[in-house]
Amino acid sequence: MNSRTSPAIELRGASKVFRTPSGAPHTAVRDLDLTVERGEFVAVVGPTGCGKSTTLTLVSGLEEPTEGDVLVGGEPVSGIADDVGFVFQQDAVFPWRTVLSNVMAGPRFRGVPKQEARERARQWLTRVGLEAFEDRYPHQLSGGQRKRVSLAATFVNDPKILLMDEPFSALDVQTRALMSDELLDLWSGTGASVVFVTHDLEESIALADKVVVMTAGPATVKEVFEIDLPRPRKVEQVRLQTEFTDIYREIWSSLGEEVRITRERGAGHAA
Amino acid sequence: MRPDTAGAGAVLDKAPAAAGQERTLSRQRAARRRNYLVQGARVLVLVGVLGLWEWFSRAGIIDPFNFSMPSRIWHQIWTWASNGTAQGPLWVQVWATLYEALLGWVLGVFAGVILGIALGRVRFLADVLGPYIKVLNALPRIVLAPIFLIWFGLGPASKVASAVVLVFFPVFFNAFQGAREVDRRLVDGARILGASNRQITYQVVIPSATSWIFTSLHVSFGFALIGAIVGEYIGATKGLGLLVSASQGSFNAAGVYAAMVILAVVALLAEGVLTFLERRLFRWKPTESGDGR
Ligand SMILES: Nc1ncnc2c1ncn2[C@@H]1O[C@H](COP(=O)(O)OP(=O)(O)O)[C@@H](O)[C@H]1O
Ligand SMILES: [Mg+2]
């Protein structure tokens, strides 16, 4: 297959089985088929614990699939590719490095000279509005600011594949809306393909070109919805459109069922 | 919220602000008073203990020959400091002990950190060497001091060796634990950002293990001093341990206590230096929780 025309990410019948501490196998995701086109923003929603994070670790190369294929740029994933960026749910900033040094970390790891790394880091810090905070340590920042550091530290590597695992779920509602807008702004023009995992359906519709609904765990793709809202978008405005509520209702009728199944299972465990 | 909004409110609302200020001041005063009280009580405890000791000794309630008394100990320190000890000037003895302890400590810390990190990072090494290290750790290592004396002679080498074996284990176990407990997310994050295994070891594992390692440095400097002193006590040509054994040999109880006091001062100074270094190194930490001790 031609690597120029192949989709950015392709999962073909991918499954992941973990060994639990007791030794019993536990299937986290099964028979996963998913395609992300180049430059596409795909949001993945599904009930908690269904296997969304696992899906991302498969794409990132942090974990290997037990069965099936995971292709990035038409090539099977082996190890961590250079052009992948990953924003985690909790901050993965280095607490002993200053803000600037955190953003420089990626280029420095990849052998970019110090001077150049610093310049690139400063540019991204300016884009996320933290240029005045470059000498601070992470514990001296608010949660939203730390998230911005994570974003800058990820974008500074120019990732072609951007994986985000509930990146804003730890933030308060206002900050989350702001960060969503900022993310769209940072992303536009990079041409990166994004897989954005969230449990917030509104967020997923406001951000994405395509919303993927996953089944209750072990997850597989249940349905894929195209979101035809025009870009550039402002999250708060998108939410007020009537199309938005229509789409929301449609997706929720699919997702809600899986959430209910998961919840009933939880209740079953409790009983 | 800006800090000056509180100030603006205060201008509009004078009476409550004044009351608030009054409250702040009285709270500060109370805190200061408590501080004085604690300091005063501390001094009182010291004076009380020393006074009782002196009095008991002078009154013959305890035998001054065995238990000595503060005034004699002080006199002994003073004599050693001004006229030197039977083994030579006092500072030479202090320096000898400090030198052995420091050298042993540095070597032990190096070995402990390097092996601890290596075993914490490389599963294979941990599996192979783990049992041996456990066995060695179970050995009461102070009994090695006489063996080191036979191997390395009366000079500093035997004391350094005793200090090394005492220092190594706590540092090793802490470094090992520190390397094992590194936040998985930080390691994954670094790998995604493009870090090699080597970069992860040096730039993620070692920095996160430093707080674990530092915890063990405090304890282990004490161990280094113990190693040096015990080594000197068993056989040496100089050092505070030699002062102890020489004083003991001439039934000079005050000399034994005096050497102990000097040792305590040395240990406290070393602890102070370590705490200072730690503060500089851990500027990135939120705040020192509590006040340490
Ligand atoms: N390393 C692992 N070992 C064993 N089980 C795991 C591991 N990682 C995830 N799981 C299990 O796989 C399932 C899916 O987890 P995850 O992908 O984190 O779900 P989500 O991100 O959708 O909440 C969960 O039941 C979880 O307990
Ligand atoms: Mg998750």
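Counting only other chains, what is the mean number of Cβ atoms within 10 angstrom of the Cβ of each residue in peptide A:105-116?
Shielding by partners across A:105-116 averages 3.
Over the Cα atoms of chain A, what radius of gyration and what Dmax do you get, in Å?
18.9, 61
How much mean residue ellipticity at 222 nm does chain B get from its helices, if each DSSP H run of length 4 or more adds -39500 (n - 2.57) and you divide by all residues, to the nearest 500 deg cm²/dmol?
Calculated mean residue ellipticity at 222 nm is -27500 deg cm²/dmol.
Once you average over the residues of A:89-98, how many Cβ atoms of partner chains fall within 10 Å of each Cβ?
If you average over the peptide's residues, the count of other-chain Cβ atoms is 5.
Which helices, taking whole DSSP H runs in chain B, have alpha carbons extending 20 angstrom or more along the helix axis plus mean Kyte-Doolittle at least 1.0?
B:90-121, B:156-180, B:206-234, B:253-281
Classify segment A:175-243 from the C-alpha gyration tensor, please: rounded if a/c falls under 1.5, else prolate or oblate depending on whether a/b exceeds b/c.
Prolate.
What is the percent of Cα-Cα separations in segment B:107-183 that go past 18 Å?
Distances greater than 18 Å cover 44 percent of the Cα pairs.
Counting other Cβ atoms within 10 Å, which chymotrypsin sites (Phe, Trp or Tyr not before Pro) in segment B:188-293 have at most 10 and lie in a DSSP loop?
B:Phe251
Between the alpha-carbon centers of segment B:91-108 and segment A:56-87, tell me the distance in whole angstrom.
Here the two parts' Cα centres lie 54 Å apart.
In deg cm²/dmol, rounded to 500, what helix-only [θ] at 222 nm does chain A give when every DSSP H run of at least 4 residues adds -39500 (n - 2.57) and the total is split over its residues?
Rounded to the nearest 500, the figure is -12000 deg cm²/dmol.
If the only charges are +1 at each Lys and Arg Cβ and -1 at each Asp and Glu Cβ, what is the size of the charge dipole of segment B:69-281 around the Cα centre, to the nearest 20 debye?
Rounded to the nearest 20 debye, it is 380 debye.
Answer rounded, prolate or oblate for chain B, using the Cα gyration tensor with square roots of eigenvalues a ≥ b ≥ c: rounded when a/c is under 1.5, else prolate when a/b is larger than b/c, else oblate.
Judged from the Cα gyration tensor, chain B comes out oblate (a/c at least 1.5, b/c at or above a/b).
For segment A:1-79, which trypsin sites (Lys or Arg not before Pro) pass both filters: DSSP loop (anything but H, G, I, E, B) and at most 15 other C-beta atoms within 10 Å?
A:Arg4
Between rounded, prolate and oblate, where does segment B:56-120 land on the alpha carbon gyration tensor, with a ≥ b ≥ c its root eigenvalues, rounded for a/c under 1.5, else prolate if a/b exceeds b/c?
It comes out oblate by the Cα gyration axes.
Using Stokes-Einstein with the Kirkwood hydrodynamic radius over Cα pairs, what translational diffusion coefficient do you get for the protein assembly as shown at 25 °C and a viscosity of 0.890 mPa s, in µm²/s rounded to a whole number?
84 µm²/s
Can you give me the accessible area per residue for chain B, using a 1.4 Å probe, in Å²?
Per residue, chain B has 60 Å² of solvent-accessible surface.
Over the whole of A:53-64, what's the average partner chain Cβ count within 10 Å per residue? Rounded to a whole number, please.
1
When DSSP beta bridges are limited to those with both residues in the protein assembly as shown, what percentage is antiparallel, rounded to the nearest 5?
50 percent
Counting only GluC sites (Glu not before Pro) that sit in a DSSP loop (anything but H, G, I, E, B) with at most 14 other Cβ atoms within 10 Å, what is the longest stretch of chain B containing none of them?
Excluding the exposed sites themselves, the longest stretch runs over B:1-180.
How big is the gap, in Å, between the Cα center of segment B:132-174 and the Cα center of segment B:213-240?
Here the answer is 10 Å between Cα centres.
Using the Karplus curve 6.51 cos²θ - 1.76 cosθ + 1.60 with θ = phi - 60°, what ³J(HN,Hα) values do you get for each residue of segment A:130-142, in whole Hz, with x for Gly and Pro?
10, 4, 7, 10, 4, 8, 7, 8, x, 5, 8, 10, 7
The values are calculated or read from the model by the stated rules, or taken from the named source; none is laboratory data. Everything numeric here is computed off the predicted structure, so don't read it as measured data. All Cβ positions, glycine included, derive from the backbone under ideal geometry; neighbour counts span all protein chains shown. Remember, those area values only see protein heavy atoms, side chains included, never the ligands or the DNA or RNA. Shrake-Rupley method; radii C 1.70, N 1.55, O 1.52, S 1.80 Å.
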